[in-house]
Structures are given as C-alpha cells and as structure tokens.
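Computed from the coordinates by the stated procedures, all read-outs in this text should not be read as laboratory data. Please read all numbers here as calculations on a predicted model, not as lab measurements. Note that we place each Cβ from the backbone using ideal geometry, even for glycine, and neighbour counts take in every protein chain shown.
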Amino acid sequence: MTKFNCEVIKITNSKDTAIILVSFGTADEKISERTIDALATEISAEFNFELRQAYTSNFIIKKLAGRGIKILTVDEQIKKLRAEGYREIILLPTHLTPGEEFDNKIKICAADDVKVLTPLFSLNCDTDFDKKIFDTVMNCFPHEGRELVLIGHGSPHRHNSVYENFQRLIDLSRADVHVGVIEESDTPNFNHVVERLKNRHAEKILIAPLLFNGGVHVTEDIAGDENSWKSRLAALGYDVAVCVDGLGSFKNFRQLYIEKLKGI
C-alpha cells in the first residue's frame, strides 16, 4: 500500500532533498510570472533545497509544448530527480483544496522517498493556520461597502467539503463573505450563493477568485460577458465589481507556502 505522508516530515540533508512545486499550470506567461514563478523564486531564496516545477494539466503541458516550452508532469519530475540521486522529494501543491486533481495526480505519487504536503485549505478549517489563511485572503480582497463572493473551482462529479468548511469558518467570524464554486455539480454553487446574498439583502458585490492562478476561469467563468458569475449576478440586479487577480498574485498569500514548508 502506498504510504501517504501529509505533514509529518523530517528533512535529513538539504543536499539530498528536492522540492517539486506542483501546479495545475497556466499557459499565460504573465500570470505564471506573477504567481507560480514568483513563489518558486521566493522558495529558492528561503530554502537550501533543489527546487523544480511540475504541472498536472496535460492540456496546458501540451499547449506549452507546441510553443517549444517543456514542462514535466509530476511523475516525470520525480523520475528525473531520482535519476539525479535525490533521496528525498517533497511535493508542494499550489492546488488550494484536496480535490480530484490533487487526489489523482499528486497524492498517488506518495512513496517512501516522496512526501506529499496537503493543500493549504484543509478539511477541518479549525486550526490557527486555517484562521491565518482566512485573514490573509481577507487582506487580499478588501471589499468595504460590498459583500465579497469568493469563487473556487470545485470538484467535478464529487463534493469537495473544503469549501463549505471554509464558509463555516467565515460565518464564525461574521464576515460578509460568501464562498461558491464554478463546478455546478459541486456545492456551494451559484444558486446557494444567491440565496445567501438575498438573506443579507445585498446590493453591491465584489467577486474574486478563490484560485491560485486565476487565468481562464477568471476571464470566462467569473468575469466573462456571457454566462459568467458576473453577468448572471448583474442580471439579477446586483452592482458587481470584479477582482481578476488569483491569490498567487499576492505576496502575503504566497508567504503561507513558505510558512508551510518551514513547518516541516
């Protein structure tokens, strides 16, 4: 049986250890520079480990390959590091929740020499670190005078309870914040969020991505002109503003990954 070591990791020798920063990926060079690459640079400056990157989206990997840009999958990067003699490999995902992408492409790579860190958003949302994540997200998206709607990806064909757990943490703080997901098969979906907004008698809203990169999900699903969260909320009469920056664009949010690595 595969060993899945999430958090209890003891690093023995930095010369023998490599970190793989694993992302869903983006084909937008500017977004990559502001999010994934910025985090990679900050990790390299903070730790004396070999740092590599890997993407989990085969679509994006193929798209970049068509431009002559080679990005390895997680499996390929692990095999490469093993061949180079690294005896300890740590997978650090920028995937925010333990959804299908994490389970099927990252978690399954765990082995005696491959340790997997869990996504930032946990299944419990009751620790001091979870509360710090919440405070950091609030600092990224100031919304005075507006209700804040945070829109995550969600998991297709299954339920990802992290979003509802995060909403419970928000509600305990009595913040005017509502969490929704793009995937209609997951919850809380658009209709759930609208019901919350009605109960709050909301008029003005700021919608923002609960996503690391943002990218096409922001430009189309969240802020697009047709059948997006913005257009659908506007059609219901709400005054809608949009933040298009993914969480990885904010240095204080990227710092959470540094703290997570320091905790191992």
Original post:
Under a plain spin-label model, where a point goes 7 Å from the Cα along Cα-to-Cβ, how far apart in nm are His201 and Ile258?
Top reply: 4.4 nm
Subject >> Nearest-ten-degree value, helix 36-46 long axis tilted from longest Cα axis of the chain >> reply: 50 degrees
Subject >> Tilt relative to the chain, helix 251-262 - C-alpha long axis, 0 to 90 degrees, to 10 >> reply: 40 degrees
Original post:
With axes computed from alpha carbons, what is the tilt in degrees of helix 190-199 against the longest principal axis of the chain, rounded to the nearest 10 within 0 to 90?
Top reply: 50 degrees
**OP:** Taking the Cβ of each residue in Val114, Val216 as the centre, tally the other Cβ atoms inside 10 Å and list the residues starting with the fewest.
**Re:** Val216, Val114
**OP:** Calculate the tail of P(r) for the chain: the fraction of all Cα-Cα distances greater than 27 Å, expressed in %.
**Re:** 37 percent
**OP:** Once you've got the Cα coordinates, tell me which of Lys198/Lys260; Lys15/Lys132; Lys131/Lys204 are over 28 Å apart.
**Re:** Lys198/Lys260; Lys15/Lys132
Original post:
Considering the chain as a Gaussian network with a 10 Å cut-off on Cα pairs, which listed residue, Asn199, Asn213, Asn165, attains the greatest mean-square fluctuation?
Top reply: Asn199
Subject >> Percent RCO, i.e. relative contact order, over the stretch 14-119, from Cα pairs under 8 Å lying at least 6 residues apart >> reply: 33 percent
Subject >> Lys/Arg +1, Asp/Glu -1 at C-beta; the chain dipole; positive extreme among Gln77, Gly248, Thr56 >> reply: Gln77
Original post:
Separation between the Met138 and Ala83 pseudo-spin-labels, each 7 Å from Cα along Cα→Cβ, expressed in nm?
Top reply: 4.9 nm
